[in-house]
Amino acid sequence: MAGPASRPKCRCACPPHLAPMLKPGMSYKPTTICGKLPERSSQRSSLLNGLLRTHDPDLENLSAMKVPTMDDTSLLQRFWLRVLLLGGLMWGVIPLISTPFIVRGYGDSSFDDWAVVVNSLTITPASALAFWHRRIACYWLTINGALVMISMCSYVLRTQDYRVGALVGAGVSVLYALTLDVIEIRHWPAARQS
């Protein structure tokens, strides 16, 4: 039966309730007077350094380690990236819903139809993927934007017809891909916290 009397005696002058928590080689060094915490933050850090003094080399450098913190700019960048990705998700739903209603019109080639279907099936999944793997989503959306732009240019050159709705849709898809590419090149923080 193990009781308070059977605890090993500690060689340092630590309080009895701390003796079982100390590992071999650790020592207790109180740095406060009357149990009150110091007022300034530098004194608090010296208090923590005094409590963490050990002979273990892995724990000696604990006070030198720094915890990364996000500044205001990084938080704003993360916020606007999330807004952009959510806007892409909502924008991608529009062509995704209209995919079953695509009909071949006058002057449309099979390449144009294929580009419309690929664009419809790309924006929403690529925007969702960008929350976890932004670089892959950038490649995917850039290829999609190039495909849509080539398709629109070939259609306009072939028919001399300017469909405003199709041009706006293609422009938004290309602009979305370019904006996400710029964000990736500038190394903004990830949309999700790690």
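Every number here is computed from the coordinates shown, using simple stated rules; none is lab data. Remember, predicted model here, so these are calculated numbers, not experimental data. No Cβ is skipped: glycine too gets one built from the backbone with ideal geometry, and neighbour counts run over all protein chains shown.
A few comments on the model shown:
- The stretch between Trp114 and Arg186, if pulled fully straight at 0.36 nm per residue, gains 22.7 nm over its current Cα-Cα span.
- Charge dipole of region 131-194 (Cα centre as origin; +1 on each Lys and Arg Cβ, -1 on each Asp and Glu Cβ, all else neutral): 140 debye, rounded to the nearest 20.
- Span from the region 134-159 Cα centroid across to the region 92-110 one, whole angstrom: 15 Å
- From least to most packed, judged by other beta carbons within 10 angstrom and beginning with the fewest, Thr122, Thr99 follow the order Thr99, Thr122.
- Take the Cα of Val93, step 7 Å toward its Cβ, do the same at Met149, and the gap between the two points is 2.8 nm.
- Electrostatic dipole magnitude of region 72-185 [Cβ: Lys, Arg +1; Asp, Glu -1; Cα centre; debye, to 20]: 160 debye
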